[in-house]
Every structure is written in structure tokens, then in C-alpha cells.
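A.B. asks: My questions will all concern the structure given below.
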Amino acid sequence: MDKSWNKPAVGLLVAGALALGTAATVSAQPAGEFGADPQHKNHVSDWMLEHADKDPSNWLHYGKDYESTRYSQAAQINRGNVKDLVPKWQVSFGKLEGQDSEGVVVNGTVYVTTSFNRVISIDGRNGDIDWVYTRDLPADVFPVLCCDVVNRGVAPYGDKVYLSTLDAHIVALNNATGAVEFDVAVGDYTYAETMTIMPMALEGKLIMGTAGAEYGVRGWVTARSAEDGSEVWKTYTIPEGGIVDGQETWKGDSWKYGGGSAWVTGSYDHDLNLLYWPTGNPGPDFDRHVRCDDPTVHTNLYSNSTIVMDPDSGEIKFHFQYTPCDPYDYDGVNEVILADIAGKKVWLHGDRNGYLYSIDRTNGQCNWVVPLGTVDWNSGFGDNCTPIMDWPKMDVTYDKVTRVWPTLDGGKEWHPMSYSKNSGLVYVPTYNFYMDLQAGLMEWHSGEWYLGSSILRFGSGNGAVNAYDAASGDMIWTRPSAAPATSGILSTGGGLVFFGGPDGNIQAANDATGEALWSFQTGSGIHGNPTTFTVDGTQYILAVSGAGGGGLWPLTYGDWLNTHTKGGMIIAFGLH
């Protein structure tokens, strides 16, 4: 989809990796995989995608690699010189509202999405715009969007970049011109099946999931042909009839409106040939009485889970559920990081429910679980880290108001964490706020909110970026802030972690100690994810800025915009 390597370029890449002090270099791409035609220099092959974890120059996946580590070996920018970072170029999006995207980079070309489904192709060397794609969205899509008009990025594959849209289409754009090569409906937006996800490109397929749990949509993950957008497979995250291995996990016919949407990109283990996809909250969000009487029976599978799937068929092999019978809207859709740690194949997951997990990715057995902040909804854990609900005290009912830590945003919101192969630490952007809840009985109607609450109030708190030992779960350091941590994390071979915040500052810290080393005020809140790339021997850091999005921050701090402004942009930083 994006651009292709030729043999001289790979030689430069390897040499450049060595010069930049990276921990690993990219092995020579097999003959015949490059595509020497200069018209297709940005072609992205399966080989490139598979080996993205060893590539210090590009950013090809949502999480940098199939493992979703958000770690780059690039080390030209390091602890010793990061103080010399300055803006090299910036591009205005020409759009307001939330900017949840990131810079995707292929051989020096930056692709970035904006609110309202605009795509911009930029020369990463100087900030010149190559082309712009702007989608005409139907007016009736906006009332069925949960959480602003956001998008999380295009997937580069072959000679195209692929965009999932708010009106539930997959659009293939020519990576050199921006011309539409196909535009195919994937869901029904009038039913509130909407899409903000960056698709995963994998062996001729584009894998993606729907949003819409807040409207009672029954969630799904689907694979589409990268050639023409046709369906390869589709797997519902809520089992039909609620029957799983002979156990009814949904009360009555509540499965029909069960939520479990899948709007954050999953991860892929090439050796095991398994897909790890996170799923979100059940519906209705807060009224568990409709769908669950006993959390040991009506677990509401596969909501709030990581489902492990066959990428060729979509078959669910096994799963891990973080919050069964959830009455708190702990949308467990956060990313899944795959890593080999202390001789174990694990996945790492920071959940909205307030806990960080390490799970054996071969069988779904929990290694450890630790709190990210204040958590009071459960009284402990049973077998395999299954939470023990502290009910009736912390139950959400029709006749009382329950104060719960954390809020529906977490814990940890959707903003992705990073695992550094340099430090062995996992860096987690956290929230630490409370909410007041009271359930409210409501009927489901297509295209309407289906929350099941009569009272939903957010309280005060704080945020932090926390660093944990990925082998043990021990906290190593924390950088607290008055506001929640509202951007993804980037870690690098230069011994650095980069992150932003709703105050507009992009920051760099020492990855081992958390010591603040650099910051820059972008002028608007940061809710997207920093990325990095190297071209012509120069490393850049990319930051997407633009206040907005759903969740606690804009709802609780609306007066923040009295002294700050919206407005989207992407900024590239390099050494002075």
C-alpha cells in the first residue's frame, strides 16, 4: 500500500541503522520483493510489514509493528541531544475537533488522517503536501457517532493506503496520487456501525472492527480483500443466542444489542499465526440487570475481552475477559502488546478497569495483574485473574448512586502504551478519576443511545505516565500530572519516551528514570500518538495536535477551551 523498497534503499537502511546506533538492523529483503519501478517506490510488501519490528526508518503499523510495541530502534535522537529538538515543519489539517491520528511513514512519505476523514500525504523531508483526500460524509452519520469525528490512521499496503470511514466504508487510495481505487461499504452506519480504526494489513487482507456499543450495536471484526474490499470473513464478538460451549452468557435476548465493539487495532503473532483483538463494553453500558444476574454465569462473552483468532478464518480460538458482566462501561478495547519476556510469550494489556495485565499468549493464562491507580470496584481476584465483584456495595443499581474508581475512561483510556526493548519497561498513560453512577432502565432503538444510566457524573482526579517492569509488573517510575494522560506513548532506542497531554505539550523523558528532558507547546491538546521515522540519515519525531475527542477530558473540562483553541496539525521535530 505505501511505498516499496529497492535494493539500494535497503542497503542505505541497514547502513543508516548502524550509524544511528540502533539495537537491530533490517536483514536483506528477499530478491523479487522490492519492486524496482520508481513509480512504485513506496510499495509496502508483506515482508516489510512482517519485519517492521526491525525497521528503524518507517512506521508501517498502528503500533509500529504487528506486536504493537510502539518501540523504534532509531537512536540518533537520544538522551544527550534531545534538548536540541526543534520544529522542522508543520502542516495544518484545516479541520477542527478531535485529532486521534498518528503519522504513518513509508520511505520518507508521511500519511496522516484528520477529523472528518481527510487524508494528507506529506513529504517528510520538508513538509510539502503531495496530495489531499477529503471524504464527503452523509449528514445523518453525525448523530450516531459516539465520540467525535475522529480517525486513527491509514494502513499502507501494496501501492495503496486504506482508510476506514465514519460511515463504515473501506476506501483504497493510490499512495502516489490519492485517487480512489475502490470504496466499499463494510457496515451500516444508520444502525450506528461506524469506524474510526486504522485497519491491519495482513497477507492480502485488511482486518478491522466496528464501533457503536453505546448504541447497542452487536460488535464484529471483519477481514476484507485488499484487492477489492470484498468480505473474506466476519466474526461477531457477541455470540448469537449467547451460547458459548453450552453456557448461556447473556440473559434472554440481550445478546442482540450486546455491544462488544472492536474499534482499536489488534496485534498479530506471525510464529503462532494468531490474531489478538480487543473488544469493548457490553450494552447497555451501565444497566447490567438487562443482560446479567450473576457475573459467574452471565459473563457477557466476548465483551471486555481479548479474543484470539485464526487470521485466515476469523475463528475464535480462546479469549481472556477482563471485566465480566461489566456495569461500569470499562470498555476493554485497549491495545494488546505482544512481547517475549523472561522466556515467556506474553501479551500486555492496560485496561479501562484500572489494571495492567500480563497474559500468556499461547493459552490465555494470567501471569500477573497490578493496579494502575485507585481501584475499588472489585475485592480481589479469583482463578486466572478473574475479578471478584464487590457486590452489593459496588454494584450499579436502580435505587442508589454508586461512586466508583476509576471512571469509564479508566485506568487507562484508548491511548496506546509502549513496550521498550531497550529498557524492558512498559509505559502506560493513565487516568485516576472517579464517577457516580445510577442505572436506568431503557429500551433499545436502532441508532439511539443505549447507555442504561439515570446518573453519570465525573469527579476530580489526576493523570500520570507510569513505567512498569514488564516481567514482574513492579512500578519503576511515575510522572504525575493534574490532567489525564491523553496521548499514546513512543519509546526509542535513544533511551527516550515521548508523550503528549491535553495541555498541548509534547514531552520527552528518560526511559529508565522518567526524568523530564524536553517539551514543546503545540498550541492545542494532544490526543493522537507520537511516531518517529528516519529519512536521508535524519531522524524525526512526529506529533499530532488537536483538542477534542470523546471521553472524560472534554466532558469534564469544557471551560479549558475558554483559554485554549481547537485546530489540528502535525509537527515534525528534528535536531537543531
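A.B. asks: Sketch the reach of a paramagnetic label on A516 as a point 7 Å from Cα along Cα-to-Cβ, and name the residues of the stretch 342-377 whose backbone nitrogen lies under 16 Å away.
C.D. replies: none
A.B. asks: Can you check what the Kirkwood hydrodynamic radius comes to for the stretch 455-498, Cα pairs only, in Å to one decimal?
C.D. replies: In the stretch 455-498 this quantity evaluates to 12.6 Å.
A.B. asks: For the chain, give the magnitude of the charge dipole about the Cα centre (Cβ charges: +1 Lys/Arg, -1 Asp/Glu; no others), in debye to the nearest 20.
C.D. replies: So the magnitude is around 1400 debye.
A.B. asks: Along the positive direction of the dipole of the chain (beta-carbon charges: Lys, Arg +1; Asp, Glu -1; about the Cα centre), which of H445, T397, S460 reaches farthest?
C.D. replies: In the chain, that residue is S460.
A.B. asks: Here's something else I'd like to know. Hey, which lysines would be in cross-link range of K205, C-alpha to C-alpha under 19 Å, not counting anything within fewer than 8 residues on its own chain?
C.D. replies: The qualifying lysines are K3, K64, K160, K234.
A.B. asks: May I ask which residue of V186, L166, A226 lies farthest towards the positive end of the charge dipole of the stretch 153-262, with charges of +1 (Lys, Arg) and -1 (Asp, Glu) on Cβ and the Cα centre as origin?
C.D. replies: After comparing all options, I get L166.
A.B. asks: Calculate log10 I(q)/I(0) of the stretch 152-278 for q = 0.11, 0.19 Å⁻¹, where I(q) comes from the Debye formula with a single equal point scatterer on each Cα and nothing for solvent.
C.D. replies: Per q value, in the given order, log10 I(q)/I(0) is -0.40, -1.02.
A.B. asks: Could you give the spread of the C-alpha atoms of the stretch 44-146 along their three principal axes, from largest to smallest, in whole angstroms?
C.D. replies: Extents along the principal axes, in whole Å: 49, 32, 26.
A.B. asks: On to the next question. Starting from 0.36 nm per residue, how many nanometres of slack lie between E227 and N384 once their C-alpha separation is accounted for?
C.D. replies: Numbers: separation 157, 0.36 × 157 = 56.52 nm, distance 4.16 nm.
Taking 0.36 nm per residue and subtracting the Cα distance, the gain is 52.4 nm.
A.B. asks: When the dipole is taken about the Cα centre of the stretch 36-87, and only Lys, Arg (+1) and Asp, Glu (-1) are charged at their Cβ, what size is it in debye, to the nearest 20?
C.D. replies: Charge dipole of the stretch 36-87: 340 debye, to the nearest 20.
A.B. asks: Mind checking the full-extension length gain between S92 and D536? Use 0.36 nm per residue of separation minus the Cα-Cα distance, one decimal, nm.
C.D. replies: 157.4 nm
A.B. asks: Quote the charge dipole size of the stretch 391-498 about the Cα centre in Debye, to the nearest 20; the model charges only the Cβ of Lys and Arg (+1) and of Asp and Glu (-1).
C.D. replies: Result for the stretch 391-498 is approximately 320 debye, rounded to the nearest 20.
A.B. asks: Right, another one. Viscosity 1.306 mPa s, temperature 10 °C: Stokes-Einstein D of the stretch 136-206 from its Kirkwood Cα radius, in µm² per second? Numbers along the way, then the final one.
C.D. replies: Working: Rh = 12.6 Å.
Translational D for this selection: 126 µm²/s.
A.B. asks: What list of whole percents do you get for P(r) of the stretch 450-576, with Cα-Cα distances grouped in 5 Å bins up to the one holding the largest distance?
C.D. replies: 2, 9, 18, 20, 17, 14, 10, 6, 2, 1, 0, 0
A.B. asks: Let me ask another. Which value in nm describes the separation of the simple spin-label points at D474 and D312, placed 7 Å from the Cα toward the beta carbon?
C.D. replies: It is 4.3 nm.
A.B. asks: As I understand it, the value is the acute angle between the Cα axis of helix 7-19 and the longest principal axis of the Cα atoms of the chain; what does it come to in degrees, rounded to 10?
C.D. replies: Helix 7-19 sits roughly 80 degrees off the main axis of the chain.
A.B. asks: Another question about this same structure. When you have a sec, figure out the Kirkwood radius of the stretch 413-514 from all distinct Cα pair distances and drop it here in Å to one decimal?
C.D. replies: 15.5 Å
A.B. asks: Suppose a student asked you for the relative contact order of the stretch 149-272, using Cα pairs under 8 Å spaced at least 6 residues apart; what percent would you report?
C.D. replies: 20 percent
A.B. asks: Still on this structure: State the answer as a single residue: which of F116, L202, G537 lies farthest towards the positive end of the charge dipole of the chain, with beta carbon charges of +1 for Lys and Arg and -1 for Asp and Glu, about the Cα centre.
C.D. replies: Result: G537, furthest along the dipole toward the positive end.
A.B. asks: First measure r as the distance between the Cβ atoms of D559 and D436, then evaluate 1/(1 + (r/R0)^6) with R0 = 22 Å and state the FRET efficiency to the nearest 0.05.
C.D. replies: Efficiency at R0 = 22 Å is approximately 0.60.
A.B. asks: Still on this structure: Radius of gyration and Dmax for the chain's Cα atoms, expressed in Å?
C.D. replies: When restricted to Cα atoms, the chain yields Rg and Dmax of 22.0, 70 Å.
A.B. asks: Which value at 222 nm does the chain reach when only helices count, each DSSP H run of 4 or more adding -39,500 (n - 2.57), with the total divided by all residues and rounded to the nearest 500 deg cm²/dmol?
C.D. replies: -1000 deg cm²/dmol
Computed from the coordinates by the stated procedures, all read-outs in this text should not be read as laboratory data. Model, not experiment: these values are computed from the prediction. Cβ coordinates were reconstructed from backbone atoms using ideal geometry, including for glycine residues, and neighbour counts include every protein chain displayed.
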